[in-house]
1. Would you mind classifying the range B:668-745 by shape? Square roots of the alpha carbon gyration tensor eigenvalues, ordered a ≥ b ≥ c; an a/c under 1.5 is rounded, otherwise it is prolate if a/b is larger than b/c and oblate if not.
2. As I understand it, the value is the acute angle between the Cα axis of helix B:182-196 and the longest principal axis of the Cα atoms of chain B; what does it come to in degrees, rounded to 10?
3. If amide hydrogens are placed 1.01 Å from N in the peptide plane, which non-local residues have theirs closer than 5 Å to the one on B:Gly297?
4. If you keep only loop residues by DSSP, which trypsin sites (Lys or Arg not before Pro) in the range B:661-726 have at most 12 other Cβ atoms within 10 Å of their Cβ?
5. Return one number: the angle in degrees, 0 to 90 and rounded to the nearest 10, between the long axis of the Cα atoms of helix B:315-328 and the longest principal axis of the Cα atoms of chain B.
6. As a test of the formula, what do you get for chain A when each DSSP H run with n ≥ 4 contributes -39,500 (n - 2.57) and the sum is divided by the residue count, at 222 nm and rounded to the nearest 500 deg cm²/dmol?
7. Once you place label points 7 Å from the Cα toward the Cβ at B:Arg449 and B:Ala535, how far apart are they in nm?
8. So what is the relative contact order for the range B:535-609, in percent, with contacts set as C-alpha pairs under 8 Å and at least six apart?
Amino acid sequence: MLDANRDYPLGTRRPDLLSSPTGRPFQELALGDDVDRADLRATPETLRLQAEVARGASRPQLADNLVRAAELASIPDDTILEIYTALRPRRSTAAELEAWATRLEELGAPSNAAFVREAAAVYAERGILAV
Amino acid sequence: MPSERSARFEHREELELRRELLIEPLPELGLVAMDGPNDPAPSLVVEDGRVVELDGRREQDWDALDWFVARYGIDPEAAAEASALSDDELARMLVDVDVPRERLVRLSRGLSPARLARVVGLLDPVELMFALKKLRARRAPANQAHVTNLKENPALLAADAAEAAARGFAEIETTVGVSRYAPLNALAILIGSQTGRPGVLTQCAVEERLNLRLAYQGLVTYAETLSVYGTETVFVDGDDTPWSKAFLASAYASRGVKVRFTSGGGSEALMGESEGKSMLYLEARCLSLVRAAGSQGVQNGSISCVALVLSVPGGTREILAENVLAAWLDLEVASGNDAIASHSQIRKTAKLMGQFLPGTDFVTSGYSLMPRYDNMFGGGNYDADDLEEWLTIQRDWQVDAGIEPVDEPTLLAVRERAARAAQAVWEAFGFPPITDEEVELAVRCQDSRDLPDRDRAADVLAADRMLAEQLSGLDVARALADRGFGDVAEAIFAMQKQRVAADYLQTSAIVGPDGVVVSAVNDPNRYAGPGTGYALEGERWQRLQRLPYTVDARLLGAPEGATKVVEELHVSNMGNEPDEVVVAVGPAFGDALTETINGLPHDAVLAAILDGIREEGGTPRVVRIRRSSDVAFIGHDGALLSGSGVAVGLQSKGTALIHRADLQPLDNLELFGMAPSLTLESYRQIGRNAAGYALGRAVAPVPTVLDNYARAKLIVRTTLLHARETAEVDRLAPPVDLAPVAVGV
């Protein structure tokens with residue numbers, strides 16, 4: 001269990017917990033020929049650690065946001081932008097949003113799936129689904 | 001003159017302030033600052049652990065914002081705690097140093113938007129400032145810069161970003177005139193910022209899809225383009241919902257981008273859908289939603305609608321209340337002050353003080369590093385012209401508002417290195433070259449008009465290539481490392497590594513030059529009264545008070561190598577001749593000091609007075625009074641020695657009078673207190689008048705010029721010169737006669 005007071009910033013205090021998406025230890029990332037652009041992103045695990053830090057600092061909503069981010073980290077840009085567009089007002093029917101929720105579950109993003117379902121329920125109430 | 005009007009009223013109508021409209025509140029259009037007649041009465045009902053009523057509306061009547069806030073933003077336990085407290089009690093807690101910030105933040109999780117607005121509305125301006133100081137999330141304030149130019153010249157963008165970084169801005173935002181330029185502008189400020197100071201966060205304000213791509217390529221590290229609004233209609237008209245915005249925020253975070261939302265009073269009224277609610281209430285809804293969405297922060301305080309909010313009574317106070325609300329909700333606050341608030345310099349700076357003095361996470365959401373001409377964010381409330389004002393006001397108040405003084409040679413060097421680094425990357429990527437001429441002009445120019453036009457068609461093709469080939473921050477670092485910019489390369493690589501650690505996603509995060517993230521997690525504001533929290537002191541205070549244009553007081557007044565222009569003859573005796581006029585000079589005259597406050601050499605001044613006396617038929621004698629540096633006593637002592645009873649008294653700084661022996665020391669015939677406006681001709685006239693009085697003629701007083709700024713301009717110099725003269729005083733020393741030393745001897 002992380003201690004926000006002791007372990008943050010992770011990059012300086014707990015680099016041992018961090019690695020790149022390709023599995024390189026954080027401490028070994030250096031500007032050389034062998035590093036790849038794919039190394040230079042946060043992993044879902046790192047984002048979950050940051051969510052833990054936020055929760056430990058009594059910021060539950062920020063933590064939830066970072067959990068959703070962790071789930072989205074390995075989802076391609078285009079898919080993310082499609083979901084964003086689907087969530088905009090009057091873009092999607094209830095069924096379409098439900099399909100995105102199911103897809104997000106399949107992609108290992110249950111929090112985002114629940115989030116989309118909650119949106120769909122309110123959109124129906126407020127008349128901002130596609131007709 | 002026109003018969004009916006007051007010339008003063010007419011004149012005032014022409015002044016800057018009157019270029020804006022001030023209006024009576026119009027609540028039905030949302031043009032009311034706070035406590036609008038249509039704002040709902042606060043309420044928050046929790047049943048079975050969930051919110052069922054919010055600000056007078058039951059679930060079935062909720063709009064999307066109510067749903068979102070109720071579902072994600074309210075902590076039922078905190079609601080129970082808060083419901084036991086009255087509005088007054090909560091308001092007092094906001095300004096009570098013994099109530100910790102943590103407790104207030106916890107309580108804020110149990111308050112409805114209407115209650116939040118009502119409670120902060122109980123605070124007066126000073127209380128609001130105090131609450132803001134106490135509630136700010138990060139211990140130390142910081143600032144954000146805007147860097148743009150109308151030609152979208154990359155060398156100039158890089159140079160300006162480097163200067164912003166070197167001046168201590170923690171974040172730099174750019175934008176585009178033409179959106180296809182975005183990758184190049186983002187690249188230029190990335191290179192510039194990391195040249196100026198490693199660790200500065202950068203963003204390029206463009207449409208979300210493009211912004212995400214820039215983020216993905218590691219060219220930007222934060223975004224604050226996520227706007228939210230306080231009514232459902234405006235929100236939906238803006239083509240978003242709370243869920244779409246929150247999802248976007250998570251998407252940015254998933255790409256390692258720090259995000260803050262944007263909201264601010266007046267936007268709903270501007271878009272015609274305020275539901276007749278007050279600005280502060282609608283902003284409380286926005287902020288409740290921002291926190292519910294899990295944003296670490298917000299830029300708020302009206303932002304681009306600031307001039308609209310300032311049109312209604314209490315507007316400046318409302319904007320400050322917005323910032324306080326955001327801080328109370330535990331959000332990082334970038335507190336506006338970026339859009340032009342008023343034509344009036346006085347008025348806009350009066351507004352600024354609300355954020356400047358308490359300090360916010362970012363005192364401005366964008367200080368225009370460049371002159372206004374090149375600002376593409378709509379002008380810039382404060383810009384390059386105002387930098388020294390800002391630095392001086394920091395020094396005046398001993399307040400850190402996030403900008404550091406840097407001397408010109410240092411800045412020129414930093415700007416040049418950044419422009420050269422950009423030139424190297426452009427060359428490495430095969431982009432249209434940045435010429436040496438562009439670099440040189442970018443370093444020294446006033447604005448982009450001084451630079452040659454670039455081939456814009458070729459530039460946008462290069463920008464397209466950046467996206468198509470997915471040139472990344474890593475590629476930039478490698479290009480710089482290969483071309484002799486190893487330190488800049490390492491700094492840019494370090495920013496890429498920050499994305500891996502993602503520490504800067506926490507609340508109020510900035511990155512220090514050592515690469516260590518500083519946020520509300522590891523450096524929280526724990527202000528609890530005097531002697532606690534952040535204070536501008538020690539080395540930082542020394543740094544912020546040493547402005548490049550402060551002067552060494554010890555060097556004033558006594559020019560190096562000056563030689564004395566009088567020599568002392570003997571102790572003075574009483575004169576006998578009725579036409580004798582004494583010129584009595586101060587203890588330092590022509591010796592320790594050799595020129596007046598406006599730079600007239602003492603020998604020339606003395607010669608002019610002597611000439612004047614002789615022209616009018618008098619016989620001058622020069623005497624040094626050593627017992628006093630006060631012009632009244634110098635003059636009166638001189639008069640007592642004068643055969644005619646009349647003397648000219650002259651201090652070394654140039655202040656003069658004409659005195660007569662039968663007058664009281666503090667009386668005189670004529671006083672010339674405005675030494676800075678005296679010319680050699682004035683001194684000659686003083687000599688003539690003194691002789692006229694001595695010879696019993698009718699004398700017209702010497703005309704004097706009134707300069708109302710003389711005191712402000714010269715009071716320091718006056719003090720130092722007078723101190724120098726006073727240092728020469730010998731209370732027991734008798735007057736001595738002087739002879740001018742011949743010029744050239």
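Where a number appears in this text, it was derived from the coordinates with a stated rule and is not lab data. Note that the coordinates shown come from a computational prediction; the quantities given were computed from them, not determined experimentally. Backbone-built Cβ (ideal geometry, glycine too); neighbour counts: all protein chains shown.
1. Working: a/c = 1.67, a/b = 1.08, b/c = 1.55.
Note, shape of the range B:668-745 comes out oblate.
2. 50
3. Distant-sequence amide H within range of B:Gly297: B:Phe261, B:Glu332.
4. On the way: sites: B:Arg684, B:Arg688, B:Arg697, B:Arg711, B:Lys713, B:Arg717, B:Arg724; in loops: B:Arg697.
Answer by residue number: B:Arg697.
5. For B:315-328 against chain B, the angle is about 60 degrees.
6. -17000 deg cm²/dmol
7. About 4.7 nm separates the two model spin labels.
8. Working: 32 pairs, mean separation 25.1, N = 75.
Relative contact order of the range B:535-609: 34 percent.
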